[in-house]
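All remarks here apply to the structure that follows.
Taken together, the values in this text are just the output of simple stated rules run on the coordinates, not laboratory data. All figures in this text were calculated on a predicted structure; none of them were measured in a lab. All Cβ positions, glycine included, derive from the backbone under ideal geometry; neighbour counts span all protein chains shown.
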Amino acid sequence: MKLSTRSSRVVPSPTLSITAKAKAMAAQGIDVIDFSAGEPSQDTPDFIKDAGKAAIQSGFTKYTPVAGTDELRLAIVEKFQRDQGVTYDKSQILVSCGAKHSLYNLFQALIDPGDEVIIPAPYWVSYPDQVLLADGTPVILHTLESKNYAIDPSALEACITSKTKALILNSPSNPSGSIYSRDTLKRVAAIAKKHKVLVISDEIYEKLVFGDPPFLSIVTVDPEVVDQTVVVNGMSKAFAMTGWRIGYAAGPKDLIAAMSKIQGQSTSNPTSIAQKASIAALQGGSAFFEEMVNDLRPKRDLMVKQLNAIPGVTCTTPPGAFYAYPNVSGVLGRRHAKGTISTAADLATYLLEEAHLACVPGEPFGSPSHLRLSYTPTMDTIQRGMERFRSAIQVLS
Ligand SMILES: Cc1ncc(COP(=O)(O)O)c(C=O)c1O
C-alpha cells in the first residue's frame, strides 16, 4: 500500500521500542534489568484510584466537553496560581490525552509547512517527530554538558530566522535531568519577546526535583512572556499516572481554541474517569511527590556514583526528573568478541544482548555520546545493574 509521505517522515518512539524489546526478552525467561522506562515505579496513589472508581460507580462515564470538564480545568487554573503565580482563565486551558497529545495538538494548530521550531539538544525524542508530522522543520540548538545544558543566548539568537515559530523548553529535562536557572530563563524570555517567538515550556517533570537548582517556570520568572507561552504539563510523572493519559496545556486563548478544535475532530474529550481522578490528584497536596523524590534521591546518588566508577564513563548529578545521563565517549571505539562499539547505540545493543541490561542510547535525544538510564527501579536492582554494566565494560579490549 502507498502510505502517506507524512507517515514515513517519523520513526517509532525509540524509548518505547527498547522497553518493548526488554519486555519481550523478559517474557522469554531472560533476567533483564530494565533502566529504559520513562515512568515512575510507584503505583498510582489510592486516593486517586478511589476518585476514578467513584467516577465509574456514579456513572460519570459519558462524553465530557472536548477541552475537559469545567471542574478539572478550574483545578488546573488553581494549580497554576498556586505553583507558578500565574492567573489563567478557564478558556486558556485544554486537557488532552497526555502531555504528548497536548504537544501534538499544539504543533498541528501552530505550524505551517516550513515553519521552524527551535529544539535545544539533548531533547525529548518526540519533539522533532511531532514538528515533522505538522510539516514543520526542527532546528536543533546544541547545548553543552559542561554548562549543564544551559541555553547560550547568542547561540539561540543565531538560530532565529523569519520562519521561526516557536522554541521548546523542557526543564527538568528528559533525558539530561537538567534545570534552567533563573538567569537562563530571563535571557531566553527577553529573546523570545524581542523576536516574537512562541515559547513552549514542557514542565512535566516539575515535581520531580531535588532542590538545587530549584525548578522555575519561565512564566514565573518573566510575567511579560505569559502571553506568548504555552505551558505543557500532565499527571503522568508527578502522580505515577502514565496509563491514565491526562495532560494539559495553558496558553493564549486563540491558540488553545484552535488546539481544542483539532482535538474535537480527533480524540474528542480525554477519558471522563481519568479526568475525575486528576482533580483528586491536583487537589491532593504534595505528600505523594515529596515521597517520590525522597525515594528517588538515594537511587540517583547510587547510580551516579556507580556509573562514575566505570572506566570510560562519566556522569554528572542530575537535579531533576529520574534519569542518569552518562557520557560514554570513553568507551566508544573499544571491541568485544562480536565487533566494535562505535556508537552509543552499539553500546546499548551490546549491554542489552550481552549483559541483559536495557538503557536508551543518546542518538534519538540528539546527543550521541550518552546513554539514558532510569533510576526508578529498586536500590538492589540498580546495584546489580551497575555491576553488570561494569563487568560488560571490563571485558572490552
Ligand atoms: C519531556 C516529556 N514531555 C512529555 C511527555 C509525555 O507525557 P504524557 O504523554 O505521559 O503526559 C514525556 C513522557 O515521557 C516527557 O518525557
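I'd like the FRET efficiency for residue 363 and residue 90, computed as 1/(1 + (r/R0)^6) with the beta carbon distance as r and R0 of 25 Å, rounded to 0.05.
After rounding, the FRET efficiency stands at 0.05.
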Which listed residue (266, 139, 251) has the Cα farthest towards the positive end of the charge dipole for the stretch 62-282, taking +1 on Lys and Arg C-beta and -1 on Asp and Glu C-beta about the Cα centre? 266
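Compute the relative contact order of the stretch 250-397 as a whole-number percentage, counting only Cα pairs closer than 8 Å that sit 6 or more residues apart in sequence.
Details: 169 pairs, mean separation 30.6, N = 148.
Relative contact order for the stretch 250-397 comes out at 21 percent.
Quote the relative contact order of the chain in percent (integer), defining contacts as alpha-carbon pairs under 8 Å separated by 6+ residues. Please list the in-between numbers first.
Values: 760 pairs, mean separation 87.0, N = 397.
Normalised by residue count, the contact order of the chain is 22 percent.
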Could you list log10 I(q)/I(0) for the stretch 20-78 at q = 0.26, 0.28, 0.29 Å⁻¹, which the Debye formula gives when each Cα is one point scatterer? -1.11, -1.18, -1.19
Taking just the alpha carbons, could you work out the radius of gyration and Dmax for the chain, both in angstroms? 21.0, 64
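Want the number for residue 338 to residue 9: 0.36 nm per residue separation, take away the alpha-carbon distance, what's left? Could the numbers behind the result be given before it?
On the way: separation 329, 0.36 × 329 = 118.44 nm, distance 3.25 nm.
Residue separation times 0.36 nm, minus the Cα-Cα distance, leaves 115.2 nm.
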Positive end of the charge dipole of the chain (Lys, Arg +1 and Asp, Glu -1 on Cβ, about the Cα centre): tell me which of 234, 360, 114 has its Cα farthest that way. 114
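By how many nm would the segment from residue 30 to residue 391 lengthen if fully extended, with 0.36 nm per residue of separation less the alpha-carbon distance? List each step's numbers first, then the result.
On the way: separation 361, 0.36 × 361 = 129.96 nm, distance 1.80 nm.
Full-extension gain reported as 128.2 nm.
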Compute the FRET efficiency between residue 314 and residue 60 as 1/(1 + (r/R0)^6), taking r as their Cβ-Cβ distance and R0 = 51 Å, and round to the nearest 0.05. 0.50
State to the nearest 20 debye the size of the charge dipole of the stretch 250-343 about its Cα centre, where the only charges are +1 on K and R beta carbons and -1 on D and E beta carbons. 440 debye
Using the Cα centre as the reference, give the magnitude of the dipole from point charges on the C-beta atoms of the chain (Lys, Arg: +1; Asp, Glu: -1; all else neutral), rounded to the nearest 20 debye. 540 debye
Among 28, 97, 42, pick out the residue whose Cα is farthest towards the positive end of the charge dipole of the stretch 1-158, where Lys and Arg carry +1 and Asp and Glu carry -1 on C-beta, about the Cα centre. 28
Answer rounded, prolate or oblate for the stretch 130-172, using the Cα gyration tensor with square roots of eigenvalues a ≥ b ≥ c: rounded when a/c is under 1.5, else prolate when a/b is larger than b/c, else oblate. oblate
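What's the magnitude of the charge dipole for the stretch 62-282 around its Cα centre, counting Lys and Arg as +1 and Asp and Glu as -1 at the beta-carbon? Answer in Debye, nearest 20.
Details: 21 positive and 22 negative charges, 84 e Å.
In debye, rounded to 20, the stretch 62-282 gives about 400.
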In nm, what is the difference between 0.36 nm times the number of residues separating residue 297 and residue 212 and their Cα-Cα distance? 29.4 nm
If packing is taken as the mean number of other Cβ atoms within 10 Å per residue, what is the order of 151-160, 276-285, 6-15, 258-267, highest first? 276-285, 258-267, 151-160, 6-15
Have a look at 301, 46, 112 and tell me which one the Gaussian network model of the chain (Cα, springs below 10 Å) gives the largest fluctuation. 46
Quick one: the Cα spread of the stretch 62-282 along its three principal axes, in angstroms, biggest first? 50, 41, 29
Pairwise FRET efficiency - residue 23 versus residue 70, Cβ, R0 = 30 Å, nearest 0.05: 0.15
